[in-house]
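So the structure is just underneath, and the comments pick up after that.
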Amino acid sequence: MPQPSQPTFDVAVVGGGIIGLAVAWRAQQRGLRTVLLERDAQIAQGATHAAAGMLAPVSEANTAERELLALGLESAARYPQFVAELAESSALDPGFLRCGTLVVARDRDEAEALDRERAVRAQLGLDVERLLPSEARRREPGLAPTLRLALDVPDDHAVDPRALALALAAALRAAGGDLRTGAAVQRIDTSAGDSRVSGVTLAGGERIAAEHVVVAAGAWTQQLAGLPGDACVPVRPVKGQILRLRDPAGPGLFTRVLRMDPGYLVPRGDGRYVLGATMEERGYDTDVTAGGVFELLRDASELVPGISELILEELEAGLRPGTPDNAPALGPGALAGLHWAAGHHRNGILLAPVTADLLLASLLGDPLGELAAPFTPTRFGAQAKKGKEVAA
Ligand code: GLY
C-alpha cells in the first residue's frame, strides 16, 4: 500500500484544454506550485482543438439562461485584458480578433425568428442593430443576395483557440508551472475517509501528491475514478463536426463572424475560416460523416456563395462537455481540496478568463461571489451519483 507523500504541488490541474491551461496559469502566477496533467501527447487536442473560438454572449443569449448570459458577458469583458496580459507573458499572439458578428436570416421564417431574438436582446439591454439586406450586404459584400434580415452584434468577437492554448502553455511554463503531456490521470486520490483529496494517480501508477485538485477534463470528466459518486459532476460528450477552410486569395470574403440557424462561420482574419458545427448526442463518437459535412457546406454556401471556392483544409469532430443543465460547474466541490472547472458545453473558450479568475478564488478559499452562485458544482446531487453509476 503506497504511503501518502507530502504534497509536492499546491495544485494539480487535470486536463490541458483551454480551461485547464487558463486555471493553471492563473494559479501559478499567484504563486501556487501548479502541475497541469494532459493525457494526450500535446495540449489542447480535445474540444479546444475543434472549437471555432466565438466570443458570443450576445449572439447566443437566451432568456432561459440569464445567469449564463451574465457570466458570458463578464468573461467577454475580461478578454481584452486577458489576452494582452497573456501576449506579454508568453511572447506569443493569442489570436484575438475584434471582428463583431452578424446574425442572419435566409428566409421569412428565419427573419421573423430573428426579429423575436432582437426583441429579447432589447429587453436585456444588449447592443444589437437591425439591418435590412442592402445594409447587411454593404457591410459584408460576400453575403448572398437572397439574405432576408441581419442583426449586427458589434461586441461579439472571436479568438483562435489553438493560438490561445499555445500562448497559455508558454505563459504557464514562463511563470514556473509544470506542464506534463502524456500524463493520463486515472484516479483522484482521497484521504481522511474520503473527506478530502490528496492528489492523483496516473495511468502508469505514478502518484502525484497535491493539496488541491482541479478537474478540467472536459468530456472525459466522467471517466476519472476515485471520487465517491455523489461528489462527481455528471458530464456527457456532445459531438460537434466542424470544418476549416482557406481562401488562397487571402482575407476579405467576409470579416465578421456570421451566424445562422443552426451554424456559424468564423474568420481568422488571414484568409482562413472555420465553419461549424453540428450538435449530436452520440457518446464518444468522433467520426466525421458525409451528412454532417454536407449540411454544414450547404447552409454556409447558401449564405456566402464564395465558400464553395475555398480550399477545404480540415474536417474534425470535437466533444463539448455538457452537464445536465448545460451550464458549467465552477468552484469548490463536495470534498476538501476538490475544485471543478468542467462542463462548459458551447462556451469553453468564451468562459476561460472568468473561469480562471473564479477558480483562483476557489483555490485561495476566497468567496466566489454572486456571479458564480448558479454554477456551484454540488447542484447536481443525486444526478451525480446516477451519472457515475452509468459511466462505471
Ligand atoms: N461554441 C459553439 C459550439 O459549441 O458549436
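Spread over its residues, the convex hull of the C-alpha atoms of the range 12-93 is 132 Å³ per residue. Express the carbon and sulfur contribution to the solvent-accessible surface of the range 168-275 as a percent, rounded to the nearest whole number, probe 1.4 angstrom. Looking at the range 168-275 in its full context, I get 46 percent from C and S. Helix screen, the chain: DSSP H segments with Cα axial length of 15 Å or more and mean Kyte-Doolittle hydropathy at least -1.0 are 18-29, 66-90, 161-174, 290-303, 348-364. May I ask you to derive the FRET efficiency for ASP93 and ALA192 from their Cβ-Cβ distance with R0 = 45 Å, giving the value to the nearest 0.05? The formula returns an efficiency of 0.50 here. Cα centroid distance between the range 1-60 and the range 336-373, in Å? Between the Cα centre of the range 1-60 and that of the range 336-373, the gap is 12 Å. Calculate log10 I(q)/I(0) of the chain for q = 0.09 Å⁻¹, where I(q) comes from the Debye formula with a single equal point scatterer on each Cα and nothing for solvent. Ignoring solvent entirely, the Cα scatterers give -0.52. So, taking all protein chains as they sit and a 1.4 Å probe, how much accessible area belongs to ASP325, in Å² rounded to tens? Approximately 70 Å² for this residue. Where both bridge residues fall in the chain, DSSP classifies roughly 70% of the beta bridges as antiparallel.
In the range 248-361, Rg over Rh equals 1.06, where Rg is the alpha-carbon radius of gyration and Rh the Kirkwood radius from pairwise Cα distances.
With a ≥ b ≥ c taken as the square roots of the eigenvalues of the C-alpha gyration tensor of the range 170-215, please select rounded if a/c is under 1.5 and otherwise prolate if a/b is larger than b/c or oblate if it is not? It comes out oblate by the Cα gyration axes. Convert each backbone phi in the range 258-275 into a coupling constant with the Karplus relation 6.51 cos²θ - 1.76 cosθ + 1.60 (shift: θ = phi - 60°), then list the ³J(HN,Hα) values in order as whole Hz, x for Gly and Pro. Each residue's phi maps through the Karplus curve to give 10, 10, 9, 9, x, x, 7, 10, 10, x, 9, x, 10, x, 9, 9, 10, 10 Hz. For the range 281-339, taking the reciprocal of the average inverse distance between every pair of different Cα atoms yields a Kirkwood hydrodynamic radius of 15.2 Å.
Over the chain, accessible surface divided per residue gives 41 Å², non-protein components excluded, 1.4 Å probe. Rolling a 1.4 Å probe over the protein heavy atoms leaves ASP107 with an accessible area of roughly 70 Å². Here LEU364 and MET279 are evaluated by their C-beta separation; at R0 = 25 Å the FRET efficiency comes out at 0.10.
Each of SER301, SER75 has its accessible area taken with a 1.4 Å probe; listed largest first, they run SER301, SER75.
Protein chains only, probe 1.4 Å: how do ASP152, ASP261 rank by accessible area, largest first?
Working: ASP152 15, ASP261 105 Å².
Output order, biggest surface exposure first: ASP261, ASP152.
Selection among GLY31, VAL153, LEU243 by position relative to the dipole of the chain gives GLY31 as farthest towards the positive end (Cβ unit charges, Cα centre).
The values are calculated or read from the model by the stated rules, or taken from the named source; none is laboratory data. Bear in mind the structure is a predicted one, so any value in this text is a computation, not a measurement. Using ideal geometry, Cβ is built from the backbone for each residue, glycine included, and neighbour counts are taken over all protein chains shown. In case anyone asks, the SASA skips ligands and DNA or RNA and just uses the protein heavy atoms, side chains included. Shrake-Rupley method; radii C 1.70, N 1.55, O 1.52, S 1.80 Å.
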